[in-house]
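Okay, so here's the structure we're looking at.
Derivation of every value follows stated rules applied to the coordinates shown; laboratory data play no part. For clarity, every value in this text was computed on a predicted model and none was experimentally measured. Don't worry about glycine lacking a Cβ; one is built from the backbone with ideal geometry, like all the others, and counts go over all protein chains shown.
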Amino acid sequence: MASVYLLVAGCGVISRVLSRRQIDRLSEDLLKARLRTALAEQSDREQVHLHWNGLRKFLVDRKVAESRDTTSFYLKPHDSKPLPLFHAGQFLTFRLHVPGESRPVVRCYSLSSVPDTETYRITVKKVAGGVASQFLHESVEVGDLLDVMAPRGDFCIEPSHNRPTVLLAGGVGITPLLSMAYSMTSAGAVAETWLIYSVKTAADFLLRDELRALTEDNPHLHLRLGTSSSGDACAATDFQGRISVDYLNRTLASNNYDFYICGPPPMMKSLVADLREWGVPPTSIHTEAFGASSVQVLSAAMKSETEGESRNSGDVTAGHSVNCLKSCKTGTWNDATPNLLLFAESLDINIDAGCRAASCGSCVTAIRSGCVKYLETPGYSCDDNTCLPCVAIPDGQLDLDA
Ligand SMILES: Cc1cc2nc3c(=O)[nH]c(=O)nc-3n(C[C@H](O)[C@H](O)[C@H](O)COP(=O)(O)OP(=O)(O)OC[C@H]3O[C@@H](n4cnc5c(N)ncnc54)[C@H](O)[C@@H]3O)c2cc1C
């Protein structure tokens with residue numbers, strides 16, 4: 001009897017000790033979680049503090065040729081103060097004073113580096129006949145100062161997210177995706193990640209050594225390189241031809257990944273359409289378009305099923321006049337015009353425009369009277385009584401401060 005009593009009492013003591021330990025462990029976990037939240041909140045507050053409005057001067061610290069037509073620019077803030085940590089995938093907007101141009105030229109360039117508080121890097125392809133890219137390549141040198149807006153854009157990845165991910169890059173479209181791969185690697189992300197990169201010829205690969213070094217640091221990152229030129233069959237690459245869903249089907253375990261795509265318009269258009277056909281939901285397809293023609297091609301591919309509907313049902317605003325008060329010009333809105341930015345340009349009115357996709361905010365224009373409606377939800381949030389003409393259309397008669 002006594003031994004049973006001792007046994008029961010002993011068990012009681014043990015269970016009390018165990019539950020005390022359990023409580024201690026839970027309290028410790030709770031404390032750690034609170035500490036993590038507090039640190040994250042403090043870092044967010046610091047980041048907001050480090051962000052800047054308008055333009056900031058940046059010094060070109062290094063200029064490095066990456067291929068025959070592509071150069072990286074390493075930029076340091078002229079005020080030597082710390083930089084906000086950008087989100088991998090974001091871009092910088094430049095206001096360039098190009099000799100011979102009557103007004104500053106606004107262009108966006110994705111950050112191609114690991115998020116860092118001292119230096120930003122962009123990687124620019126020289127475009128034939130291109131104003132900004134030729135100027136950057138030929139005239140901008142180490143020691144020059146450039147006017148730069150803070151990092152923006154919502155083509156971003158959360159580095160610690162746990163979803164299997166595929167980064168699909170074509171040509172210079174590697175820039176935001178390389179930054180994402182860096183960011184995931186430095187965050188110790190364990191999600192299965194593929195970076196599939198295609199260029200015309202082997203000589204066009206950008207930052208290939210960095211890509212290979214990343215796969216050594218990150219066992220979860222799988223790199224596949226391909227060339228589309230048939231004359232390049234002997235190049236040491238993983239696949240021949242453009243990136244296709246057929247190739248993805250052969251390479252990936254399933255279609256259950258988040259896809260991030262950046263490349264030339266034909267590649268983006270066909271990949272987006274084919275991924276949708278392969279059963280990938282639109283919420284798992286993220287894209288970045290480099291420039292006006294890419295934006296148009298891509299929005300057509302992304303919205304092909306709904307666009308007709310929204311434009312045809314009660315969205316008709318044709319016939320209203322749009323007055324651009326600063327330039328004293330008036331036009332009649334025509335529903336064939338894609339947006340107010342192109343409408344203004346058709347009247348020879350210049351509005352600064354970097355991304356033309358509602359992300360950079362450089363085209364923000366004041367509304368003097370009337371209203372606009374948006375064809376897509378802007379990534380950049382602007383103040384009341386202003387609009388982003390690159391994705392807006394008039395909702396009735398409109399007076400713009402343009
Ligand atoms: C979010 C974002 C990120 C980007 N990231 C990068 C990046 O990382 N790297 C990069 O290299 N680029 C990037 N770009 C593209 C970049 O912003 C520029 O569009 C690109 O450098 C070309 O600009 P440009 O001034 O040199 O060419 P533009 O002067 O704009 O000309 C572009 C093309 O149009 C032709 N053209 C110009 N005017 C006319 C005309 N009147 N009639 C007919 N044709 C004409 C030119 O000959 C040229 O072929 C990005 C764009 C965006 C929106």
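Summary table
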item	result
Separation of alpha-carbon centers, region 321-358 and region 359-402, rounded to whole Å	11 Å
Computed magnitude of the charge dipole of the chain (debye, nearest 20; Cβ of K, R +1, Cβ of D, E -1)	700 debye
Fluctuation leader among Thr237, Thr71, Thr185 - the chain, Gaussian network, Cα springs under 10 angstrom	Thr237
Per-pair calculated FRET efficiency, R0 = 35 Å: Ala336 and Asn162 via Cβ, rounded to 0.05	0.20
Gaussian network model of the chain, Cα within-10 Å springs - most flexible of Gln90, Gln42, Gln22	Gln22
For Trp194, Trp278, order by how many other beta-carbon atoms lie within 10 Å, fewest first	Trp278, Trp194
Order of Glu66, Glu192 - criterion: other Cβ atoms within 10 Å of each residue's Cβ, fewest first	Glu192, Glu66
Ratio Rg/Rh [Cα only; Rh per Kirkwood] for region 56-152	0.93
Reachable aspartates and glutamates from Lys32, criterion Cα separation under 13 angstrom, eight or more residues apart if same chain	Asp24
Ranked Met267, Met184, criterion: other C-beta atoms within 10 Å, fewest first	Met267, Met184
Interchain or long-range residues, amide H under 5 Å from Ser113's placed H	Arg121
Selected from Val372, Tyr74, Cys390, residue furthest toward positive end of dipole (the chain; charges at beta carbon)	Tyr74
Cα-based convex hull, the chain, per residue volume (Å³, whole number)	217 Å³
Furthest towards positive pole of dipole, Ile243, Ala213, Ala191, structure part region 183-262, Cβ charges	Ile243
Share, in percent, of DSSP beta bridges within the chain that are antiparallel, nearest 5	60 percent
Beta bridges per DSSP with both ends in region 321-400, % antiparallel, nearest 5	80 percent
Cα-based Rg and Dmax for region 147-243, where Dmax is the largest Cα-Cα distance (Å)	14.1, 44
Using alpha-carbon coordinates, inclination of helix 174-186 to the longest axis of the chain, degrees	20 degrees
R0 of 60 Å, Cβ-Cβ distance Leu26-Val105: FRET efficiency to nearest 0.05	0.55
Stretch gain in nm, segment Leu325-Val13, where the contour uses 0.36 nm per residue and the Cα spacing is subtracted	104.0 nm
Calculated [θ] (222 nm, deg cm²/dmol) that DSSP helices of n ≥ 4 give over the chain, each run adding -39,500 (n - 2.57)	-10000 deg cm²/dmol
Relative contact order of the chain, pairs being alpha-carbon contacts under 8 Å that are 6 or more residues apart, as %	11 percent
Cβ-placed point charges (K, R +1; D, E -1), dipole of region 191-280 about Cα centre in debye, nearest 20	280 debye
Relative contact order, percent, region 56-152 [alpha-carbon distance under 8 Å, six or more residues apart]	37 percent
Crossing angle, helix 208-217 versus the chain [Cα axis fit, 0-90 degrees, rounded to tens]	20 degrees
Overall Cα dimensions of region 321-400, principal axis frame, Å, largest first	28, 24, 22
Electrostatic dipole magnitude of region 16-157 [Cβ: Lys, Arg +1; Asp, Glu -1; Cα centre; debye, to 20]	520 debye
